[in-house]
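Following: one structure in C-alpha cells, then a few remarks.
The values are calculated or read from the model by the stated rules, or taken from the named source; none is laboratory data. Here the structure is a predicted model, which is why all the values come from computation and not from measurement. We place every Cβ from the backbone using ideal geometry, glycine too, and count neighbours over all the protein chains shown.
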Amino acid sequence: MGVDSGLPDFRGHEGFWRAYPAYRGLGLGFADLAGPVHFVDDPPLAWGFYGHRLELYRRTVPHDGFAVLLRWSRHWPTRVFTSNVDGQFQRAGFPADDVAEVHGTIHHLQCLAECGEPVWPADGVEVAVDSSTMRAGDPLPSCPRCGSLARPNILMFGDLAWDDRKVGPRLERHVEWLRSLRRDGSRLAVVELGAGTAVPTVRRQSELAAAASGALVRINVREPDVRHGHGVGIAAPAATTLQALDAALGHPGTRTSGTFEQ
C-alpha cells in the first residue's frame, strides 16, 4: 500500500539496501535495525533509522487508492486494521478512532526508561540524520517528564517494552465492531492490501474476519493466494486495483460493511 505512494519496499535485503545504501556496507537489514536494543546500545544508529522514516512519512502524500477507500467508507460502515506505522490512512482523511494500528505508529513516542509518561505525539520532533552514514545527531528526542531518551511507539522485533496503551483501546473497538456485525447478521467485505506472509498478523486477522461473516479480496503483487474460506486474490498493485474496482462498482445502492486490512 505504501509502495504505491513512493515509500521504499522493505521486503528482502536487496530491496531495503536499494533504499538505504549506507546499511549495505554495515551488513544490516531491516529486521536488524528495527529492534529496541539499538536505542540502548547505539542511539544515533537507532534514531538515524527511525528519524529518517519519520520525516519520509511526514512528507509522503497518500496515493489515489486511499481516496477510493475513503469514498467507500462514506457509503459503508468501515474500519481499518493496519500493521503499517506510517499514519497514511489518517493523513488520507480516515478518523483516527477508526484506524487500529496493530504495530503502533511512528508519529507517537514513548519513554525508553519507562518513567510512567503516557505515550505522546511526535509533532514538532525533528531528527537531523546524516544521509551518508544514516546516523542521527544531537539532540535526540527525549521524554518530557524525565529527560531520558525517547523511542517511537512501535512494536519492534523482540520488543518487550512496547507501550500499547494507545493502541489497545482501538484494537478492542475493532474486535467489538466485528462481533457486532456477526450478531446483527451483517455482510462483511474484507479488502486486504499488500499484507505479506513473513509477519502474517494482517493476513490472519483478515482471514478470520472474512471466515466469520464475509468474503475476502486479497490484493497482493507477490502473494495473492487465498487458501482458506471464500475470497479472491488479485496479483496487482494496490492503487491501480482499487481504482479499477471503484470503476467497476460504480455507485452501489446496497449497504454492506467493510474493513480494510493493510
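Answer yes if at least one residue in region 93-107 is in contact with an Asp or Glu (Cβ under 8 Å, 6 or more places away or on another chain), over 21 Å from Met1 (Cα atoms) and at pLDDT 95 or above, and no otherwise.
The answer is no, given that none of the residues of region 93-107 is in contact with an Asp or Glu (Cβ under 8 Å, 6 or more places away or on another chain), over 21 Å from Met1 (Cα atoms) and at pLDDT 95 or above.
Tell me, which helices (runs of 4 or more DSSP H) lie completely within region 146-257 with 3 or more residues that are basic (Lys, Arg) and outside the structural domain of Ala46 (by TED's automatic domain parsing)?
Correct list: 167-184.
Of the numbered conditions (1) in contact with a Phe, Trp or Tyr (Cβ under 6 Å, 6 or more places away or on another chain); (2) crowded, with 21+ Cβ neighbours inside 10 Å; (3) of a type in the set (A, V, I, L, M, F, W, C), Ala92 satisfies every one except a single condition; which is it?
Looking at each condition in turn, Ala92 falls short on (2).
Taking Asp184 and the conditions (1) acidic (Asp, Glu); (2) modelled with pLDDT under 95; (3) in contact with a strand residue (DSSP E or B) (Cβ under 7 Å, 6 or more places away or on another chain), which numbered condition does it fall short on, given that it satisfies the others?
Evaluating Asp184 over (1) acidic (Asp, Glu); (2) modelled with pLDDT under 95; (3) in contact with a strand residue (DSSP E or B) (Cβ under 7 Å, 6 or more places away or on another chain) leaves (3) as the failure.
Can you tell me which residues in region 138-159 are in contact (Cβ under 8 Å) with a residue 60 or more places away in the chain and either over 20 Å from Tyr57 (Cβ atoms) or loosely packed, with under 13 Cβ neighbours inside 10 Å (or both)?
Leu149, Gly158
Pairs, please: C-beta under 7 Å, at least 6 apart or cross-chain, first residue within 19 Å of Ala195 (Cβ to Cβ) and in region 74-93, second hydroxyl-bearing (Ser, Thr, Tyr) and in a strand (DSSP E or B)?
Every condition considered, the pairs that remain are Thr78/Thr259; Arg79/Thr259; Phe81/Thr259; Val85/Thr105; Gly87/Thr105; Phe89/Thr82.
Could you list, in sequence order, all residues of region 117-137 that are surrounded by fewer than 17 Cβ atoms within 10 Å (Cβ to Cβ) and on the phi > 0 side of the Ramachandran plot?
Of everything in region 117-137, just one residue is surrounded by fewer than 17 Cβ atoms within 10 Å (Cβ to Cβ) and on the phi > 0 side of the Ramachandran plot, namely Gly124.
If you check every pair at least six apart or on different chains, which have Cβ atoms under 6 Å apart with a residue in region 46-62 that is at negative phi first and a residue that is among the charged types (D, E, K, R) second?
Gly48/Arg135; Tyr57/Asp86; Pro62/Arg91
Checking Ser180 against (1) of a type in the set (Ser, Thr, Tyr); (2) farther than 23 Å from Trp72 by Cα; (3) surrounded by fewer than 13 Cβ atoms within 10 Å (Cβ to Cβ): exactly one of these is not met. Which one?
Among (1) of a type in the set (Ser, Thr, Tyr); (2) farther than 23 Å from Trp72 by Cα; (3) surrounded by fewer than 13 Cβ atoms within 10 Å (Cβ to Cβ), the lone unmet condition for Ser180 is (2).
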